[in-house]
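Student: Structure in structure tokens, see below.
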Amino acid sequence: MDIDTTWRRRFAWLWAAYAISSAGTLIAFDAFPLIAILVLHTGSVGVSALRAVGLAVGAIVAVPIAPLLERRRKRPAMIAADLIRFAAFASVPLAFGFGWLSLAQLLIVSVMTGAADIAFRAASGAYLKTLVPQGELLTANARFESTLWTATILGPPLGGAAFALFGPVITVIANAVSFLLSAVAIRAVGGHEPSAAQADTPRLRAGDVFEGWRYILAHPT
């Protein structure tokens, strides 16, 4: 198999994993608030907290997560993010089946999946650069972006329809399985990923994180 065919095959697996992961994330976009309202009969304060917690996690972990991933291989990080999301989502129907499901668990799951989602996206973008030749990066990134925006547009309404047709348990199980399939696709990418250049990358300090937030908050844009 020649080099051109090899990287294209590996990119196809990575693209499939990205598509499955994006679809799973955005189909589940409204799942937890709907479960909180329809299953747990949660009030407006609890539902608002559930809505806000994922965005809050994004604001907190977005700055430190990039340098942490910079020091690690990206493919294992992506697989780990998928497996974390699978386990977190799978815990919801399991707890529901035993009558243990609570708003606190939904909040914890939302935090875990929000952080894992950010890690997956950061790692996938960096990994793409090691997989695709320089002259093909524009096309590859365009495919990733079109996939993400398609999932953004279609995911939430499809998730709501699935929730109405199949109920909360089946819908969340399907979302959990999507992350497991994404991990399998990333595993199928194969090949050798070069080691992260740890010696050339300064270690992250707590002060660096706060400095990053200060920069963002003070920037006019």
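Student: For the residue pair Arg71 and Trp149, what label-to-label distance in nm results when each label sits 7 Å from Cα along the Cα-to-beta-carbon direction?
Tutor: 3.7
Student: Please report, to one decimal in angstroms, the Kirkwood hydrodynamic radius of the chain built from all distinct Cα-Cα pairs.
Tutor: Working: mean 1/r = 0.0535 Å⁻¹.
Taking the inverse mean of 1/r over all distinct Cα pairs, the chain comes out at 18.7 Å.
Student: Based on the Cβ-Cβ distance from Phe98 to Ala164, what FRET efficiency comes out when R0 is 35 Å, to the nearest 0.05?
Tutor: Values: r = 24 Å, r/R0 = 0.70.
Calculated transfer efficiency: 0.90.
Student: Which of the peptides 79-90, 167-178 is most tightly packed, and how do the rest follow, judged by the mean count of other Cβ atoms within 10 Å per residue?
Tutor: Values: 79-90: 21.5, 167-178: 19.2.
Highest to lowest by the protection proxy: 79-90, 167-178.
Student: Another question about this same structure. With θ set to phi - 60° and the Karplus curve 6.51 cos²θ - 1.76 cosθ + 1.60, what are the ³J(HN,Hα) couplings of the range 99-108 in order, to the nearest whole Hz, using x for Gly and Pro?
Tutor: Listing the rounded values in order: x, 9, 4, 9, 5, 4, 5, 4, 5, 5 Hz.
Student: Taking θ = phi - 60°, what integer Hz values does the Karplus form 6.51 cos²θ - 1.76 cosθ + 1.60 yield along the range 135-150, in sequence order, with x for Gly and Pro?
Tutor: In residue order, the calculated couplings are x, 9, 5, 4, 5, 5, 5, 4, 5, 4, 5, 5, 5, 5, 6, 5 Hz.
Student: Rounded to the nearest 0.05, what FRET efficiency is calculated for Trp7 and Ala49 with R0 set to 41 Å and r the Cβ-Cβ distance?
Tutor: On the way: r = 45 Å, r/R0 = 1.09.
Between Trp7 and Ala49 the formula returns 0.35.
Student: Give me log10 I(q)/I(0) at q = 0.11, 0.13 Å⁻¹ for the range 1-116, Debye formula, one equal scatterer per alpha-carbon, no solvent.
Tutor: With no solvent term, the Cα-only Debye profile gives -0.46, -0.61.
Quick note: the coordinates plus some simple rules give every number you see, no bench work behind them. Just so you know, these numbers come straight off a predicted model, no measurement behind them. Glycine also receives a Cβ, built like all others from the backbone with ideal geometry; neighbour counts cover every protein chain displayed.
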